[in-house]
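Engineer: Pasting a structure here, questions to come.
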Amino acid sequence: MTETLAWRGEITRWQGEQATYHLLTIDGACAEEITVHERLRRLEMGGRRGFGSVKVVAEIGGTRWKTSVFPSKTGEWWLLVGKKVLKAEDLAAGDAAELTLELL
């Protein structure tokens, strides 16, 4: 059974050494639910996925894609938002986005 979460957050821009990334930071109760899901999956499967990530189906507006969310050291989770999604939904850094996550 899959779990679906809703989140509203601001798209932030992060400049890496070799590229620029756009992401949504998920915190609060939504982040806690992702953490519980990850721990249960780890117990079930006997190990962690790369970087402790969780597979999801993300949806912003009419754009839906399969990806992963990644944990931070502070208990938040990060969802990378690609250029195709930003363009399709006419979004940029600083814009608020309505996100639906289906935890896989």
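Engineer: Could you say which residue among 62, 16, 9, 52 is of a type in the set (Gly, Ala, Ser), under 26 Å from residue 90 (Cα atoms) and touching a strand residue (DSSP E or B) at 6+ places or on another chain (Cβ under 8 Å)?
Structural biologist: 9
Engineer: When the range 1-31 is examined, which residues are found to be under 13 Å from residue 69 (Cβ atoms), assigned to a helix (DSSP H, G or I) and not aliphatic (A, V, I, L, M)?
Structural biologist: Kept after step one, since they are under 13 Å from residue 69 (Cβ atoms), are these residues of the range 1-31: 3, 5, 7, 9, 23-27, 30-31.
Pick out the ones that are also assigned to a helix (DSSP H, G or I) and you get 30-31.
Passing the criteria: only 30.
Listed here are the residues, each with its yes/no results for (1) of a type in the set (Asp, Glu); (2) at pLDDT 95 or above.
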| position | (1), (2) |
| --- | --- |
| 1 | no, no |
| 17 | yes, no |
| 31 | no, yes |
| 34 | no, yes |
| 49 | no, no |
| 52 | no, no |
| 64 | no, yes |
| 102 | yes, yes |
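Engineer: Turning to a different aspect of this structure: What tally of residues in the range 73-82 results from selecting those that are over 11 Å from the mean Cα position of the chain (by Cα) and touching a residue at least 12 places away in the same chain (Cβ under 8 Å)?
Structural biologist: To start, the set of residues in the range 73-82 that are over 11 Å from the mean Cα position of the chain (by Cα) comprises 73-75, 82.
Subset that is touching a residue at least 12 places away in the same chain (Cβ under 8 Å): 75, 82.
Residues flagged as over 11 Å from the mean Cα position of the chain (by Cα) and touching a residue at least 12 places away in the same chain (Cβ under 8 Å) within the range 73-82 amount to 2.
Engineer: Looking at (1) within 15 Å of residue 97 (Cβ to Cβ); (2) surrounded by 14 or more Cβ atoms within 10 Å (Cβ to Cβ), can you tell me which one residue 10 breaks?
Structural biologist: (2)
Engineer: Take the conditions within 21 Å of residue 36 (Cα to Cα), of a type outside the set (Lys, Arg) and out of contact with any Cys (no Cβ under 8 Å at 6 or more places or on another chain) and apply them to residue 74. Does it pass?
Structural biologist: Values: within 21 Å of residue 36 (Cα to Cα): yes; of a type outside the set (Lys, Arg): yes; out of contact with any Cys (no Cβ under 8 Å at 6 or more places or on another chain): yes.
Answer is yes for this residue.
Engineer: For the range 13-40, give me the residue count where each residue is surrounded by 17 or more Cβ atoms within 10 Å (Cβ to Cβ) and over 19 Å from residue 59 (Cβ atoms).
Structural biologist: Number of matching residues: 1.
Engineer: Kindly indicate the residue of the range 41-71 that is among the charged types (D, E, K, R) and not in a strand (DSSP E or B) and also surrounded by the most Cβ atoms within 10 Å (Cβ to Cβ) among those meeting that condition.
Structural biologist: Just the residues of the range 41-71 that are among the charged types (D, E, K, R), to begin with: 41-42, 44, 48-49, 55, 59, 64, 66.
Filter once more, so that each one left must be not in a strand (DSSP E or B): 41-42, 44, 48-49.
Values: 41: 16, 42: 14, 44: 7, 48: 13, 49: 14.
Ranking the candidates gives 41 first.
Engineer: If you don't mind, there's one more thing I want to ask. I need every pair where a residue in the range 5-31 that is touching a residue at least 24 places away in the same chain (Cβ under 8 Å) and over 20 Å from residue 83 (Cβ atoms) has its Cβ under 6 Å from the Cβ of a residue that is part of a strand (DSSP E or B) and among the β-branched types (Val, Ile, Thr), sequence separation at least 6 or different chains.
Structural biologist: Once the first residue is touching a residue at least 24 places away in the same chain (Cβ under 8 Å) and over 20 Å from residue 83 (Cβ atoms) and sits in the range 5-31, its partners that are part of a strand (DSSP E or B) and among the β-branched types (Val, Ile, Thr) give 6/100; 7/26.
Engineer: Additional query: Given (1) surrounded by fewer than 16 Cβ atoms within 10 Å (Cβ to Cβ); (2) on the phi < 0 side of the Ramachandran plot; (3) in a loop (DSSP other than H, G, I, E, B), where does residue 91 come up short, assuming only one miss?
Structural biologist: For residue 91, the exception is condition (1).
The values are calculated or read from the model by the stated rules, or taken from the named source; none is laboratory data. The structure presented is a predicted model; accordingly, all values stated were derived computationally and were not measured. We place every Cβ from the backbone using ideal geometry, glycine too, and count neighbours over all the protein chains shown.
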